Amino acid sequence: MKKYLLILSAMAISFGAAAKLPALSDEAKAKAAEAAAKTAHGNKVADFQLCKSREKVAAHYYKTKGKGKPAPTATPACADPGAYKPAEQAAASPAAPAAAKPAAAPAKKG
């Protein structure tokens with residue numbers, strides 16, 4: 001009896017999987033896009049953190065065991081992705097904050 005139930009349930013699952021799903025609503029598409037954007041930003045942050053840790057390890061190695069200065073290699077600088085900004089805020093704000101001038105260095109006491 002169990003064998004027949006298993007066969008029937010497997011057939012029901014296979015027929016159910018072949019059915020078409022309804023189209024996503026605009027709200028569901030927006031949520032999916034937002035989730036994808038958050039994931040992409042999280043991946044950029046993880047890449048940045050990995051890059052910084054590699055630089056730290058390499059600097060420590062050359063300081064303790066490396067002889068002299070390391071041979072210069074052409075590697076891209078670690079790019080900080082900054083804070084996550086939702087799509088609505090990113091579209092509303094101009095690109096000026098990304099190109100903002102760095103703050104002036106504090107005056108030296110001496």
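So if we plug the beta-carbon distance of Phe48 and Ala87 into 1/(1 + (r/R0)^6) with R0 = 22 Å, what FRET efficiency do we get, rounded to 0.05?
Plugging the Cβ-Cβ distance into 1/(1 + (r/R0)^6) gives 0.60.
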Review point. Leaving out same-chain residues fewer than 8 places away, which aspartates and glutamates sit with a Cα under 14 Å from that of Lys44?
Key: Asp80
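Report the net charge of residues surrounding Lys52, where surrounding means a beta-carbon distance below 15 angstrom and charges are Lys +1, Arg +1, Asp -1, Glu -1. Write out the running numbers ahead of the final one.
Working: positive: Lys44, Arg54, Lys56; negative: Asp47, Glu55, Asp80.
Summing Lys and Arg as +1 and Asp and Glu as -1 gives 0.
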Check your understanding: With each pseudo-label sitting 7 Å past Cα toward Cβ, what's the His41-Lys20 distance in nm, one decimal?
Key -> 3.6
Review point. So which aspartates and glutamates can Lys85 reach, going by Cα to Cα under 13 Å and dropping same-chain residues fewer than 8 places off?
Key: Glu34
Exercise for review: Provide the net charge surrounding Ala32, with neighbours chosen by a C-beta distance below 14 Å and charges set as Lys +1, Arg +1, Asp -1, Glu -1.
Suggested key: 0
Revision key, fill the gap. Note: Glu55 to Lys31 extended length (0.36 nm per residue) minus current alpha-carbon separation gives 5.0 nm
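The numbers here are math on the coordinates, done by the rules we state, and not lab data. Just so it is clear, the structure is predicted and the values come from calculations on it, not from any experiment. When we count neighbours, we look across all protein chains shown, and the Cβ atoms used for this are built from the backbone with ideal geometry, even at glycine.
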